[in-house]
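Below you'll find the structure, written out as C-alpha coordinates, and then a few comments.
The values are calculated or read from the model by the stated rules, or taken from the named source; none is laboratory data. Predicted model only: the values in this text are computed from it and were never measured. So basically every Cβ, Gly included, is an ideal-geometry build from the backbone, and we count neighbours across all protein chains shown.
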Amino acid sequence: MQKQSKIILGIDPGTVVMGYGLVKCSGNQVSLIEMGVLKLPIKEDGYERLKLIHQKVQSLIGQYAPHEFAIEAPFFGKNVQSMLKLGRAQGVAIATAMQAGLSVTEYSPKKVKQSITGNGNSDKDQVWKMLQRILQIQEEIPAYDASDALAVAICHFYQNRLDEKLSTEKIPSSPKGRKGTKKADTWERFIQLNPGKVKSK
(Lines give C-alpha, C1' and ligand atoms only; values in the text may rest on other atoms or scores of the structure.)
Protein backbone atom coordinates (compact mmCIF):
# COMPACT_ATOMS: atom_id res chain seq x y z
CA MET A 1 0.00 0.00 0.00
CA GLN A 2 1.35 3.41 -0.96
CA LYS A 3 2.14 5.66 1.96
CA GLN A 4 0.36 9.00 2.10
CA SER A 5 2.65 11.91 1.32
CA LYS A 6 2.93 15.02 3.46
CA ILE A 7 4.49 18.45 3.20
CA ILE A 8 6.79 20.02 5.78
CA LEU A 9 7.38 23.77 6.01
CA GLY A 10 10.71 24.77 7.54
CA ILE A 11 11.45 28.30 8.72
CA ASP A 12 14.71 30.04 9.61
CA PRO A 13 13.46 33.09 11.53
CA GLY A 14 15.12 36.45 11.14
CA THR A 15 14.46 40.16 11.62
CA VAL A 16 16.14 41.20 8.36
CA VAL A 17 15.88 38.00 6.29
CA MET A 18 13.57 35.04 6.94
CA GLY A 19 14.32 31.79 5.14
CA TYR A 20 11.74 29.19 4.20
CA GLY A 21 11.86 25.73 2.67
CA LEU A 22 9.18 23.20 1.78
CA VAL A 23 9.68 19.50 1.14
CA LYS A 24 7.36 16.67 0.16
CA CYS A 25 7.77 13.38 2.03
CA SER A 26 6.48 9.99 0.96
CA GLY A 27 7.74 7.04 2.98
CA ASN A 28 11.54 7.25 2.95
CA GLN A 29 11.58 9.61 -0.03
CA VAL A 30 11.84 13.39 0.26
CA SER A 31 11.88 16.01 -2.49
CA LEU A 32 12.18 19.77 -2.75
CA ILE A 33 9.06 21.83 -3.40
CA GLU A 34 10.24 25.39 -2.84
CA MET A 35 12.88 27.39 -1.03
CA GLY A 36 13.51 31.11 -0.73
CA VAL A 37 13.76 34.14 1.52
CA LEU A 38 11.65 37.03 2.68
CA LYS A 39 13.77 40.19 2.79
CA LEU A 40 12.42 42.55 5.40
CA PRO A 41 12.85 46.31 4.85
CA ILE A 42 15.27 47.68 7.40
CA LYS A 43 13.63 51.13 7.23
CA GLU A 44 10.35 49.71 8.54
CA ASP A 45 9.86 49.55 12.30
CA GLY A 46 10.00 46.24 14.12
CA TYR A 47 6.24 45.80 14.35
CA GLU A 48 5.76 46.29 10.62
CA ARG A 49 8.38 43.61 9.95
CA LEU A 50 6.58 41.22 12.28
CA LYS A 51 3.43 41.87 10.27
CA LEU A 52 5.27 40.98 7.05
CA ILE A 53 6.56 37.75 8.62
CA HIS A 54 3.02 36.82 9.60
CA GLN A 55 1.72 37.55 6.11
CA LYS A 56 4.48 35.54 4.41
CA VAL A 57 4.07 32.45 6.60
CA GLN A 58 0.31 32.69 6.19
CA SER A 59 0.75 32.95 2.41
CA LEU A 60 3.07 29.89 2.28
CA ILE A 61 0.58 27.85 4.30
CA GLY A 62 -2.28 28.93 2.06
CA GLN A 63 -0.35 28.17 -1.13
CA TYR A 64 1.25 24.82 -0.25
CA ALA A 65 -1.01 23.48 2.54
CA PRO A 66 1.80 21.92 4.62
CA HIS A 67 0.95 19.23 7.15
CA GLU A 68 3.71 20.07 9.65
CA PHE A 69 5.79 23.08 10.62
CA ALA A 70 9.41 23.08 11.82
CA ILE A 71 11.43 26.11 12.91
CA GLU A 72 14.98 26.75 14.04
CA ALA A 73 15.40 27.95 17.62
CA PRO A 74 17.17 31.30 18.04
CA PHE A 75 20.90 31.10 18.68
CA PHE A 76 21.67 32.64 22.06
CA GLY A 77 24.15 35.46 21.58
CA LYS A 78 25.46 38.24 23.75
CA ASN A 79 23.28 41.01 22.27
CA VAL A 80 20.10 40.98 24.33
CA GLN A 81 18.20 43.34 22.05
CA SER A 82 18.96 41.23 18.98
CA MET A 83 17.82 38.12 20.81
CA LEU A 84 14.59 39.82 21.84
CA LYS A 85 13.83 40.86 18.25
CA LEU A 86 14.67 37.39 16.90
CA GLY A 87 12.49 35.76 19.55
CA ARG A 88 9.57 37.95 18.50
CA ALA A 89 10.07 37.00 14.85
CA GLN A 90 10.11 33.32 15.76
CA GLY A 91 7.03 33.73 17.95
CA VAL A 92 5.03 35.37 15.15
CA ALA A 93 5.92 32.55 12.73
CA ILE A 94 4.95 29.90 15.29
CA ALA A 95 1.68 31.64 16.18
CA THR A 96 0.77 31.88 12.48
CA ALA A 97 1.38 28.16 12.00
CA MET A 98 -0.59 27.23 15.11
CA GLN A 99 -3.47 29.45 14.05
CA ALA A 100 -3.58 27.42 10.83
CA GLY A 101 -3.81 24.20 12.86
CA LEU A 102 -0.28 22.94 12.15
CA SER A 103 1.82 20.99 14.63
CA VAL A 104 4.97 22.96 15.48
CA THR A 105 8.41 21.54 16.28
CA GLU A 106 11.49 23.56 17.21
CA TYR A 107 15.08 22.42 16.59
CA SER A 108 18.34 23.89 17.82
CA PRO A 109 20.90 24.92 15.17
CA LYS A 110 23.26 22.22 16.43
CA LYS A 111 20.57 19.54 16.13
CA VAL A 112 19.79 20.61 12.56
CA LYS A 113 23.43 20.50 11.48
CA GLN A 114 23.94 17.16 13.19
CA SER A 115 20.98 15.60 11.38
CA ILE A 116 22.10 16.86 7.95
CA THR A 117 25.88 16.40 8.01
CA GLY A 118 26.52 14.27 11.08
CA ASN A 119 28.47 17.16 12.62
CA GLY A 120 26.79 19.73 14.86
CA ASN A 121 29.58 22.24 14.15
CA SER A 122 29.29 22.18 10.34
CA ASP A 123 29.35 25.52 8.54
CA LYS A 124 26.55 26.74 6.28
CA ASP A 125 28.31 25.74 3.07
CA GLN A 126 28.78 22.16 4.28
CA VAL A 127 25.10 21.95 5.17
CA TRP A 128 24.10 23.30 1.76
CA LYS A 129 26.31 20.85 -0.14
CA MET A 130 24.79 17.94 1.80
CA LEU A 131 21.28 19.23 1.07
CA GLN A 132 22.18 19.30 -2.63
CA ARG A 133 23.10 15.63 -2.42
CA ILE A 134 20.04 14.63 -0.40
CA LEU A 135 17.55 16.48 -2.60
CA GLN A 136 19.53 16.34 -5.87
CA ILE A 137 19.45 20.12 -6.23
CA GLN A 138 21.30 21.49 -9.25
CA GLU A 139 20.57 25.21 -9.02
CA GLU A 140 22.59 27.69 -7.01
CA ILE A 141 21.56 28.61 -3.48
CA PRO A 142 19.42 31.79 -3.27
CA ALA A 143 20.74 32.56 0.24
CA TYR A 144 21.99 30.62 3.24
CA ASP A 145 18.85 31.66 5.10
CA ALA A 146 16.88 29.58 2.59
CA SER A 147 19.17 26.55 2.94
CA ASP A 148 19.00 26.84 6.74
CA ALA A 149 15.21 26.70 6.55
CA LEU A 150 15.38 23.76 4.16
CA ALA A 151 17.74 22.00 6.58
CA VAL A 152 15.18 22.44 9.38
CA ALA A 153 12.51 20.79 7.23
CA ILE A 154 14.83 17.86 6.39
CA CYS A 155 15.82 17.55 10.06
CA HIS A 156 12.13 17.22 10.91
CA PHE A 157 11.70 14.60 8.18
CA TYR A 158 14.55 12.54 9.66
CA GLN A 159 13.16 12.93 13.18
CA ASN A 160 9.75 11.69 12.03
CA ARG A 161 11.37 8.62 10.47
CA LEU A 162 13.26 7.92 13.70
CA ASP A 163 10.09 8.28 15.78
CA GLU A 164 8.21 5.92 13.47
CA LYS A 165 11.00 3.37 13.69
CA LEU A 166 11.05 3.49 17.49
CA SER A 167 7.26 3.21 17.74
CA THR A 168 7.22 0.01 15.70
CA GLU A 169 10.16 -1.74 17.34
CA LYS A 170 9.47 -5.26 18.60
CA ILE A 171 10.63 -6.81 21.86
CA PRO A 172 12.04 -10.37 22.06
CA SER A 173 9.65 -13.30 21.93
CA SER A 174 8.39 -14.74 25.22
CA PRO A 175 9.40 -18.22 26.42
CA LYS A 176 6.00 -19.50 25.24
CA GLY A 177 6.91 -18.58 21.67
CA ARG A 178 4.55 -15.65 21.50
CA LYS A 179 5.60 -13.04 18.96
CA GLY A 180 6.99 -9.74 20.19
CA THR A 181 4.61 -6.88 20.88
CA LYS A 182 4.92 -3.12 20.52
CA LYS A 183 6.82 -1.08 23.07
CA ALA A 184 3.59 0.02 24.73
CA ASP A 185 3.18 -3.56 26.01
CA THR A 186 6.65 -3.98 27.47
CA TRP A 187 5.72 -3.03 31.07
CA GLU A 188 2.84 -5.53 31.10
CA ARG A 189 5.14 -8.23 29.74
CA PHE A 190 7.78 -7.39 32.35
CA ILE A 191 5.26 -7.90 35.16
CA GLN A 192 4.14 -11.22 33.70
CA LEU A 193 7.70 -12.53 33.36
CA ASN A 194 9.00 -11.09 36.67
CA PRO A 195 6.15 -11.17 39.22
CA GLY A 196 8.54 -11.23 42.16
CA LYS A 197 10.21 -7.98 41.21
CA VAL A 198 7.08 -5.83 41.36
CA LYS A 199 5.81 -4.71 44.75
CA SER A 200 2.33 -3.32 45.36
CA LYS A 201 1.71 -0.51 47.83
Pairs returned, first residue in the range 121-149 that is under 17 Å from Gly10 (Cα atoms) and outside any helix (DSSP H, G or I), second residue that is at pLDDT 95 or above and of a type in the set (Ser, Thr, Tyr), beta-carbon separation under 7 angstrom, 6 or more apart or interchain, are Ile141/Ser147
Please verify whether the range 104-115 includes one or more residues that are surrounded by 15 or more Cβ atoms within 10 Å (Cβ to Cβ), among the polar types (S, T, N, Q), touching a helix residue (DSSP H, G or I) at 6+ places or on another chain (Cβ under 9 Å) and over 18 Å from Leu150 (Cβ atoms). no
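Going by the conditions given, is Gln81 without any contact (Cβ under 8 Å) to a residue 12 or more places away in the chain, more than 20 Å from Arg49 (Cβ to Cβ) and out of contact with any Phe, Trp or Tyr (no Cβ under 7 Å at 6 or more places or on another chain)? Steps first, please.
Numbers: without any contact (Cβ under 8 Å) to a residue 12 or more places away in the chain: yes; more than 20 Å from Arg49 (Cβ to Cβ): no; out of contact with any Phe, Trp or Tyr (no Cβ under 7 Å at 6 or more places or on another chain): yes.
Considered against the rule, which asks whether it is without any contact (Cβ under 8 Å) to a residue 12 or more places away in the chain, more than 20 Å from Arg49 (Cβ to Cβ) and out of contact with any Phe, Trp or Tyr (no Cβ under 7 Å at 6 or more places or on another chain), Gln81 comes out as no.
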Can you pull out the residues in the range 50-103 that are modelled with pLDDT of 95 or more, surrounded by 19 or more Cβ atoms within 10 Å (Cβ to Cβ) and not hydrophobic (A, V, I, L, M, F, W, C)? Lys56, Pro66, Glu68, Glu72, Gln90, Thr96
Looking only at the range 1-49, how many residues end up being crowded, with 19+ Cβ neighbours inside 10 Å, of a type in the set (A, V, I, L, M, F, W, C) and part of a loop (DSSP other than H, G, I, E, B)? 1
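Being in a loop (DSSP other than H, G, I, E, B) and either on the phi > 0 side of the Ramachandran plot or in contact with a strand residue (DSSP E or B) (Cβ under 9 Å, 6 or more places away or on another chain) (or both) is the filter here, so list the residues in the range 104-120 that pass it. Break it down into steps so the answer makes sense when it comes.
The first filter runs over the range 104-120 and keeps only residues in a loop (DSSP other than H, G, I, E, B), leaving 108, 118-120.
Correct list: Ser108, Gly118.
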Count of the range 1-54 residues which are farther than 20 Å from Ala149 by Cα and basic (Lys, Arg): 2
Within the range 10-60, track down each residue that is within 30 Å of Tyr158 (Cβ to Cβ) and β-branched (Val, Ile, Thr). Ile11, Thr15, Val16, Val17, Val23, Val30, Ile33, Val37, Ile53, Val57
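Please go through the range 50-85 and give me each residue that is over 17 Å from Met18 (Cβ atoms) and either assigned to a loop (DSSP other than H, G, I, E, B) or among the aliphatic types (A, V, I, L, M) (or both), ordered by number.
Quick first cut of the range 50-85, residues over 17 Å from Met18 (Cβ atoms) only: 65, 67-68, 76-81.
Answer for the range 50-85, where residues must be over 17 Å from Met18 (Cβ atoms) and either assigned to a loop (DSSP other than H, G, I, E, B) or among the aliphatic types (A, V, I, L, M) (or both): Ala65, His67, Phe76, Gly77, Lys78, Asn79, Val80.
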Residues that are without any contact (Cβ under 8 Å) to a residue 60 or more places away in the chain and of a type in the set (A, V, I, L, M, F, W, C): does the range 19-30 have at least one? no
Pairs returned, first residue in the range 38-64 that is in contact (Cβ under 8 Å) with a residue 40 or more places away in the chain, second residue that is basic (Lys, Arg) and surrounded by 12 or more Cβ atoms within 10 Å (Cβ to Cβ), beta-carbon separation under 8 angstrom, 6 or more apart or interchain, are Gly46/Lys85; Gly46/Arg88; Leu50/Arg88
Give the residue, chosen from Ile116, Ile71, that is in contact with a Gly (Cβ under 9 Å, 6 or more places away or on another chain), within 27 Å of Tyr158 (Cβ to Cβ) and of a type in the set (Val, Ile, Thr). Ile71
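Condition check: surrounded by fewer than 11 Cβ atoms within 10 Å (Cβ to Cβ), at pLDDT 70 or above and within 21 Å of Ala70 (Cα to Cα). Does Asn160 satisfy that? Walk me through it before giving the result.
Numbers: surrounded by fewer than 11 Cβ atoms within 10 Å (Cβ to Cβ): no; at pLDDT 70 or above: yes; within 21 Å of Ala70 (Cα to Cα): yes.
So Asn160 fails the test.
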